[in-house]
Amino acid sequence: LMVVGDFTAKEIGPMIEAAFPMDMLKNPELPKDAPLVDQSYCQVRVNADTVVDEAEWLKKNKPIDREISYHKAGVDKKTAIMAWSLPGGYRQDQPLMQITAAMLTSAVATYLNPDFNPQTDSIDELSNVGCWLNAEEHGSTATCFIEMAASANAEAVIEKAADGLYQLWNMNNRPYLRAIFGNAKNSQMAQVFRTVDEISSLFSERATNAALFTHFTGRGQYFANVFNSLFYVDEGKAVELARKFLHRDRYVAVVLEPYGEDDIVLDSSDAAYHGKTFE
């Protein structure tokens, strides 16, 4: 929430409380005079202390259609999107899922970029590959984008990217695993630190992340919770999560191709509104 105007710091609190009554944060079934500081009165939509039963979840959540589809989109280069379904977020294992999804970047990039070495090179130097986690209440998604030349065979690139997935659980190469786990963990920690300064943006920054966390968990200490959880993520559990969820039998993929000149409409002829026009 950003408050801008001609007022003193002491006036901010009453102004916000007048515009957004504090009882809006509480479960409507509880008394209106219930103290907000007692978090038991806040509505809890997701129990942050729980972990989804992975075996049961995998039985119920299998890819329905794995055929690669092609679409025109507002992209600069031909881009493949690969995605894996994961259990719902805002629970105890969300930081583990975030770090494991970030490890995908190194695993995929190593195969697609022969010159890239995650043990010596920075992930920030990669511009054609990126992976992340989209956490949602009922189900999360690990997503990777792969940019390629217009002449590239997209399906061959996707297959090659899938070849690199085994590196997420290749216990024969412990130094590599430690490197990509460390890179992913540091990257996630740095990303959270950056959002402390970013109040709001088109994507998830401080205000959005804190609001969603409180909305689903009923807890107000977003940064304390996320930093503590990320710090204690275990490398072995990340490998095990990847082994169960992030393999070639579970991804779905689409290919996005840039709009051509004939696809772009520069006037209003393709607008949804077809009512009366005025001169």
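The values are calculated or read from the model by the stated rules, or taken from the named source; none is laboratory data. For clarity, every value in this text was computed on a predicted model and none was experimentally measured. Using ideal geometry, Cβ is built from the backbone for each residue, glycine included, and neighbour counts are taken over all protein chains shown. Just the protein is used for accessible areas: all its heavy atoms, side chains included, with ligands, DNA and RNA removed. Shrake-Rupley method; radii C 1.70, N 1.55, O 1.52, S 1.80 Å.
Across the stretch 31-64, what is the total count of residues that are surrounded by 12 or more Cβ atoms within 10 Å (Cβ to Cβ), modelled with pLDDT of 70 or more, in a loop (DSSP other than H, G, I, E, B) and of a type in the set (A, V, I, L, M)?
5
Under 7 Å between Cβ atoms, at least 6 apart or on separate chains: pull out the pairs that start in the stretch 156-180 with a residue that is more than 13 Å from Thr110 (Cα to Cα) and end on any residue that is open to solvent by 40 Å² or more (accessible area, probe 1.4 Å) and assigned to a helix (DSSP H, G or I).
What qualifies is Trp169/Arg243; Arg178/Glu235.
Among the residues of the stretch 104-121, which ones are closer than 12 Å to Ala184 by Cβ and either open to solvent by 10 Å² or more (accessible area, probe 1.4 Å) or under 18 Å from the mean Cα position of the chain (by Cα) (or both)?
If the condition is that a residue be closer than 12 Å to Ala184 by Cβ and either open to solvent by 10 Å² or more (accessible area, probe 1.4 Å) or under 18 Å from the mean Cα position of the chain (by Cα) (or both), then Leu104, Thr105, Ser106, Ala107 are the ones that fit.
Would you call Leu133 within 17 Å of Trp84 (Cα to Cα) and open to solvent by 20 Å² or more (accessible area, probe 1.4 Å)?
Judged against the criteria, Leu133 is a match.
When residues of the stretch 213-263 are filtered for being surrounded by fewer than 17 Cβ atoms within 10 Å (Cβ to Cβ), within 19 Å of the chain's Cα centre (by Cα) and in a loop (DSSP other than H, G, I, E, B), how many remain?
Total meeting the criteria: 1.
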